[in-house]
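The next block holds one structure in the form of structure tokens; read it before the comments.
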Amino acid sequence: MDAVIRAFAVYMFLLIVFRIAGKRTLAQTSSFELVLLLIISETVQQAMVDDDHSITNGFLLSLTLVSLSIALSWLKQHFPKVDRWLEEEPLIILENGKPHKERLDKARVNEAEILAAARRLQGLTRLDEIKYAILESNGEITIVPKQQPS
């Protein structure tokens, strides 16, 4: 039972940490962020396993973590407030070519990232060609281009 409590505590701790860190934290991981995630996984693994390195404990921990993930999915599906707290809502970060500076700062996104998404997704090269840039719940940036005159 101790392993289940440890797994639950670690899961909830990481859930809160990554929620506070924001949606862009895991959207596009750099090499440094990947290394950081590996270090975090090794660190919390020690907290969950303690001195029990048995296969049974490994199975129990895996089952606990997967069960927590399923339970959170169920909660998000049945309680919209839980979903909004865990996932955040999409955020318009640029409107009619004009960036919302305070939203960009809060989300830790810059204009260069918006332009990169605009080039990659729509072939656009200037901010004034964008009607909306939206930071989605998963950290990706969606670009809605302005309509070209026909």
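The values are calculated or read from the model by the stated rules, or taken from the named source; none is laboratory data. This one's a predicted model, so the numbers in the text were calculated from it and none came from an experiment. Here the Cβ is made from the backbone with ideal geometry for all residues, glycine too, and neighbour counts use every protein chain on show.
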> Does any residue of region 5-16 turn out to be more than 18 Å from the chain's Cα centre (by Cα), exposed (fewer than 13 other Cβ atoms within 10 Å of the Cβ) and over 30 Å from P145 (Cα atoms)?
Replying inline: yes
> Scanning region 122-150 for residues that are of a type in the set (D, E) and in contact with a helix residue (DSSP H, G or I) (Cβ under 9 Å, 6 or more places away or on another chain), which turns out modelled with the highest pLDDT?
Replying inline: E129
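Kindly state which helices (runs of 4 or more DSSP H) lie completely within region 1-91 and contain at least 2 residues that are modelled with pLDDT of 85 or more and either farther than 30 Å from A117 by Cα or not aromatic (F, W, Y) (or both).
Values: elements: 2-21, 31-49, 55-78, 80-87.
Fully inside region 1-91 and qualifying: 2-21, 55-78, 80-87.
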>> So L34 passes all but one of these: (1) of a type in the set (A, V, I, L, M); (2) within 30 Å of L124 (Cβ to Cβ); (3) surrounded by 15 or more Cβ atoms within 10 Å (Cβ to Cβ). Which condition number does it fail?
In response: (3)
>> Considering only residues that are touching a residue at least 40 places away in the same chain (Cβ under 8 Å) and among the aromatic types (F, W, Y), which ones fall in region 76-121?
In response: W85
